[in-house]
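Inspection log for the structure reproduced underneath, given as structure tokens.
The values are calculated or read from the model by the stated rules, or taken from the named source; none is laboratory data. On a predicted model such as this, the values are computed, not experimentally measured, just so you know. Methodologically, a virtual Cβ is constructed for each residue, glycine included, from the backbone with ideal geometry; neighbour enumeration extends over all protein chains shown. Areas reflect the complete protein model, heavy atoms only, side chains present, ligands, DNA and RNA absent. Shrake-Rupley method; radii C 1.70, N 1.55, O 1.52, S 1.80 Å.
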Amino acid sequence: AAALFLATAAFTLWQNTRVAVLWDISYLLDTSYRISLGQLPYRDFPFAHAPLTFLVHALIIRLFGRVYFPHLLCAALEAGAATLLTWRFLLALLKSLSDRAWSLATLLAAPLIVLGIYGIYPHPIYDSDAILAALLALYLFQRSTSSTAARPILCFLTGAACVFPLFFKQNIGLPFLFVTLAAAAAIAIARSRQRISVWPQLWLFAGAFVTLAAALLAIHATVGLHNYLYWTITFARQRRLPGFAVMLSTYRQASLLWTIPLTILGLALLRHRQGSGAPSRSHRDMPGSPPASLVGWMGGMRRRWIAFILLAAPFFYTIAALALTTDPDDRAGQLLSLWPHILILSAALALWNLRPRKLAADPTLQPFVPAILLVTIHGAFLSQQLWGSTYALWPLLALLLAALLAQVPTIARPMAVVIAATFLLCGGLYATSHEPLSYVYLDGPRAHATLPELRGLATPGPWIPGFEELVRVTNAEIPANDGILLLPGEDPFYFATGRVPQFPILLFDPATDPYTPGQTRDLARARNIRWLIVNRQTQLTGPPHPDLAEITRVLEQDFIPCRTLANYTIYRRK
């Protein structure tokens, strides 16, 4: 447990010494900084995200000041905690394989050292925090249903924990809350029919209701419940929710045409009755023939090995792709193609587990785990589909794999070895090559921040030296109380300078910007924005906002250029 925790945390910190995505870092740091100053989201400025991640980092700023490293340390500790929780939950899922549960759980958890919630994307972000909260809730849920005499306080805390993901990320937390409460209700019904106490489930519902009610009352008292629901539900859905056809594109993988049939054939071989392979009476009576038990055992072994090869074929092919291609994009695509394969198999298992007879025989969380994980994963897909969301979801995939391996106990150990080797080798290359971060430029020599506030920030390219030049010029030449507007807002400007944000929008992205170019110009006039800073060379490979050129053109009519830096142009209001 300690090794998994420390190795995952260390890998996260190491990743942060190699790469930084300034676009997301600036949004987290600057928003958390303005919250630490007393500006409230949803009321004082538009905000389309759930609040908890930003409140946590606002608290870090209040405790440690404007220093970047404590935020990195928070991400590393969360990554280690997520791997540890996953390992503990894997032990529970594999308890039916009592003699192999520890080794199998360790094998499946080992790849999370490099594929943990902060392994691929190493900076603090709300998606990863939501998955950590979901893992904690699942672990507590399993503990509260593992015995008929669970303590009320544990069940109450379990219900409270089921609510927390909702306030880290809406599209993850809302489906997770719904499906966990539905599972608790189904468990209560199954237990009542068997005349088993349902008080644990009642306490769970009480914890969820009290926590949700307290959170909504606190939101209403501070920023207004109407404001919160509009920005986090209505506005966010308008800007980010994809169509159903886009969601289904996840399952349009050509590899599924051979991986699923091979898996079905392998499972059929494993389910084949042992007696069907026994030798005939005439064979057993032949002089010199081997004992019937030996022939039957050899036939069973042969079937198991054939079944193992068929089930492991998709993973073998993914490893082989390392030798077949050197293109990081092709390697990443082959690794990610395992996702829909595993999700389809898990969906079949979920339907099988939800049979009334199965639920009556096992009124615990165990039969509901595949369904809960599938709903949570597809909730994450609602904002970014498969290819943009995998950076925080690998622990949930490990849990799905454990649920599947529990169904094939005779070959669970060799399958776990193959799966662990696949994700360690291919996942390690996937994480260290930064292929998922291809939406930013990561070329050139690696630069490390020298400003005390940004110590620990590092990434290839000229972005950090150029930004530090901007900070020094701004501190020297622009009065501290003057309003500044940055386009497109890629850099953690306010966190680094300690200036108070005076414009509602910090990041010009369609998911965060509700204004038209004309409204942006009018707001800049109304807020007495005296300086405009335009980033001419962003780290993002594509335009962050479809209207950015028009926004810049409209604003420049009110300003005149007064200073040109390596990456920025500074304008002063006419």
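The table for this structure:
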read-out: Potential extension, Tyr439-Leu322 segment - 0.36 nm per residue separation minus Cα distance; value: 39.8 nm
read-out: Share of carbon and sulfur in the accessible heavy-atom surface of the chain [1.4 Å probe, %]; value: 65 percent
read-out: Cα gyration tensor shape of the range 444-558, rounded if a/c is under 1.5, else prolate or oblate by comparing a/b with b/c; value: oblate
read-out: The chain: angle of helix 170-193 to the longest principal axis, Cα-based, in degrees nearest 10; value: 30 degrees
read-out: Cα gyration tensor, the range 495-574 - rounded (a/c under 1.5), prolate or oblate; value: rounded
read-out: Loop sites in the range 458-496: GluC sites (Glu not before Pro), DSSP, at most 13 other Cβ within 10 Å; value: none
read-out: The chain: angle of helix 394-405 to the longest principal axis, Cα-based, in degrees nearest 10; value: 10 degrees
read-out: Per residue, in Å², the accessible surface of the range 467-574 once ligands and nucleic acids are set aside, probe 1.4 Å; value: 40 Å²
read-out: Rough spin-label spacing in nm, given labels placed 7 Å along Cα→Cβ, for Ala268 and Leu55; value: 5.4 nm
read-out: Orientation-averaged projected area, Cα convex hull of the range 1-135 (nm²); value: 8.7 nm²
read-out: Calculated diffusion of the range 123-219, Stokes-Einstein form, Kirkwood radius summed over Cα pairs, 25 °C and 0.890 mPa s, µm²/s; value: 182 µm²/s
read-out: From the C-alpha gyration tensor of the range 412-452, square roots of 5λ in Å; value: 34, 12, 7
read-out: Radius of gyration and Dmax over the Cα atoms of the range 83-131, both given in Å; value: 12.6, 38
read-out: Which of Thr17, Thr145 is most accessible, then next, and so on - probe 1.4 Å; value: Thr17, Thr145
read-out: Difference of contour (0.36 nm per residue) and Cα-Cα distance, Asp44 to Leu77; value: 8.7 nm
read-out: Three-way shape call for the range 162-262 based on the alpha-carbon gyration tensor, with the a/c threshold at 1.5; value: oblate
read-out: 18 Å tail of the calculated P(r), the range 1-59, as % of Cα pairs; value: 50 percent
read-out: Ranked order, Lys169, Lys95, Lys574, Lys358 - accessible area, probe 1.4 Å, largest first; value: Lys574, Lys95, Lys358, Lys169
read-out: Net charge, Phe89 excluded, C-beta distance under 12 Å - Lys, Arg +1, Asp, Glu -1; value: +3
read-out: Over the range 306-362: Rg over Rh, Cα atoms, Kirkwood Rh; value: 1.20
read-out: Calculated over the range 350-438: convex hull of Cα atoms, volume per residue (Å³); value: 97 Å³
read-out: Cα pair distances in the chain, grouped into 10 Å bins until the bin that holds the longest one, percent each; value: 3, 16, 25, 24, 16, 9, 4, 2, 1, 0, 0
